[in-house]
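The values are calculated or read from the model by the stated rules, or taken from the named source; none is laboratory data. As the structure is a computational prediction, the values presented were derived from the model and not from experiment. All Cβ positions, even for glycine, are placed from backbone atoms using ideal geometry, and neighbour counts span all protein chains on display. Ligands, DNA and RNA are excluded from the accessible area calculation, which covers all protein heavy atoms including side chains. Shrake-Rupley method; radii C 1.70, N 1.55, O 1.52, S 1.80 Å.
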Amino acid sequence: MPEKLSPSDFLEAAKTYPVLDVRSPGEYTRARIPGAISFPIFDDAQRAAVGTCYKQKGKDQAIELGLEFVGPQLAKWVKKAKKLAVDNTVLVHCWRGGMRSGSMAWLFETAGIKVKILVGGYKAYRNEVLAIFDQPIPFRVLGGKTGSGKTEILHELVKRGHQVLDLEGIAHHRGSAFGHLGLEVQPTSEHFENEVHRVLCGFDYSREIWVEDESRHIGQVFMGAPLYNQLRAAPVVFLDIEPVYRLPHLVNVYASYPKEDLAKALGKIKKRLGLDRYAIAMEALEAGDFSLVAEITLHYYDKAYMYGLELRNESQITRIEVRTLDPIEQTELLLSHAS
């Protein structure tokens, strides 16, 4: 019999053994346990067919149809699982810890592989993920207008041994209309939460966790209320940096991207910029005047950021005037005021 593990014990075991996700490819692509390997019993079409058969003809015929699909795959699955196994052991889960994981566990054990399964499946794991956001998290928020170099500061904090939750890194997006350029495709909001949970589980909650100030949307990723509300309630260290320091940084980050990509990004905020400013920005882009483009977009983003900052509790905000974009110097200033 396979060993049955709770979500917390399953995740602990996953540090040693491979996790085989036997859900369909579509389920896996939408969201998964970080590090899990897609090992589907059915492809998306087969899963749909079995589900329809179950509803229309009953469990027995659905099982027969499923067996027709999987029969030719059994030997291949065993060979693949043996290659992936660590100490001849694998972890297996499906959606609810039911027939799919049970069937795969039976096959592997019959072939001599040790199996541990997730009680309640991925659904139980998701409950574990969501529960962590209801617990108090010792966030310390790094604030600053667009182009303040906050990501570089977070990286410097990591080098110095501080705990950092890089939400934009997990979301594969820098947060603005231009934030997707040069980055991987964004995860779903659900998988974003799974990755945040993974990082938080490795932290010591007796110490502060640095996180960048974010809106509820990071590109296409939507942050759930429990996590977002904790960010909004946490103390903020706001780096007040004039545009003269930020503009060169923005030009350095974005000027290398194709003009057509930058134009599409500008189009996303056309109404917010105002038609006149948008027209000037497009002309500047065509002329290669990236500094002017950055200056025009900063006018909008600075107003939007300061509006959000003003909605916070002023007593929770520490303001620091900064006249450099050197991340080492910025970090020194940050830590001297945050201690």
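For the reader, a short list of remarks on this structure follows.
- Test for residue 336: is it loosely packed, with under 14 Cβ neighbours inside 10 Å, part of a helix (DSSP H, G or I) and either in contact (Cβ under 8 Å) with a residue 12 or more places away in the chain or polar (S, T, N, Q) (or both): yes
- If the condition is being open to solvent by less than 40 Å² (accessible area, probe 1.4 Å) and either over 11 Å from residue 178 (Cβ atoms) or among the small types (Gly, Ala, Ser) (or both), then segment 279-294 contributes 281, 284, 285, 288, 294.
- Considering residues of segment 124-155 that are acidic (Asp, Glu) and closer than 30 Å to residue 96 by Cα only, the residue surrounded by the fewest Cβ atoms within 10 Å (Cβ to Cβ): 134
- Scanning segment 188-208 for residues being surrounded by fewer than 19 Cβ atoms within 10 Å (Cβ to Cβ) and in contact with a Leu (Cβ under 9 Å, 6 or more places away or on another chain) gives a total of 5.
- Tally, over segment 144-159, of residues that are more than 11 Å from residue 330 (Cα to Cα) and over 20 Å from the mean Cα position of the chain (by Cα): 5
- Just one of the listed residues (272, 246) is basic (Lys, Arg), in contact with a helix residue (DSSP H, G or I) (Cβ under 8 Å, 6 or more places away or on another chain) and open to solvent by less than 80 Å² (accessible area, probe 1.4 Å), and it is 246.
- Some residue of segment 23-33 being more than 30 Å from residue 170 (Cβ to Cβ), surrounded by 13 or more Cβ atoms within 10 Å (Cβ to Cβ), at pLDDT below 95 and not aromatic (Phe, Trp, Tyr): no
- Residue check: residue 151 meets all listed conditions (1) among the β-branched types (Val, Ile, Thr); (2) in contact with a strand residue (DSSP E or B) (Cβ under 9 Å, 6 or more places away or on another chain); (3) not in a helix (DSSP H, G or I) but one, namely (3).
- Residue that is open to solvent by 40 Å² or more (accessible area, probe 1.4 Å), of a type in the set (Phe, Trp, Tyr) and in a helix (DSSP H, G or I), where the choices are 106, 95: 106
- Flag for residue 228 being within 25 Å of the chain's Cα centre (by Cα), in contact (Cβ under 8 Å) with a residue 60 or more places away in the chain and surrounded by 13 or more Cβ atoms within 10 Å (Cβ to Cβ): no
- Residue pairs whose Cβ atoms lie under 8 Å apart, sitting 6 or more positions apart in sequence or on different chains, and linking a residue in segment 122-143 that is touching a residue at least 24 places away in the same chain (Cβ under 8 Å) and more than 30 Å from residue 240 (Cβ to Cβ) to a partner that is in a strand (DSSP E or B) and not hydroxyl-bearing (Ser, Thr, Tyr), are 122/21; 122/93; 124/118; 125/93; 125/118.
- Some residue of segment 156-176 being at pLDDT below 95 and at negative phi: yes
- Residue among 324, 331, 297 that alone is hydroxyl-bearing (Ser, Thr, Tyr) and not in a helix (DSSP H, G or I): 324
The rows are residues; the columns are (1) modelled with pLDDT of 90 or more; (2) over 32 Å from the mean Cα position of the chain (by Cα).
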| site | (1), (2) |
| --- | --- |
| 46 | no, no |
| 52 | no, yes |
| 58 | no, yes |
| 68 | no, yes |
| 71 | no, yes |
| 80 | yes, no |
| 84 | yes, no |
| 98 | no, no |
| 101 | yes, no |
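- Note on segment 305-322: residues that are surrounded by 16 or more Cβ atoms within 10 Å (Cβ to Cβ) and touching a Lys or Arg at 6+ places or on another chain (Cβ under 8 Å) total 2.
- Enumeration of residues in segment 209-225 that are of a type outside the set (Val, Ile, Thr), open to solvent by less than 60 Å² (accessible area, probe 1.4 Å) and closer than 27 Å to residue 315 by Cβ: 210, 212, 213, 214, 223, 224, 225
- Close pairs from segment 252-276: first under 19 Å from residue 147 (Cα atoms), partner in a helix (DSSP H, G or I) and open to solvent by less than 100 Å² (accessible area, probe 1.4 Å), Cβ under 6 Å, at least 6 apart: 255/290; 262/285; 266/281; 272/300; 273/300
- Within this structure, residue 125 passes the test of being touching a Pro at 6+ places or on another chain (Cβ under 7 Å), among the hydroxyl-bearing types (Ser, Thr, Tyr) and farther than 30 Å from residue 319 by Cα.
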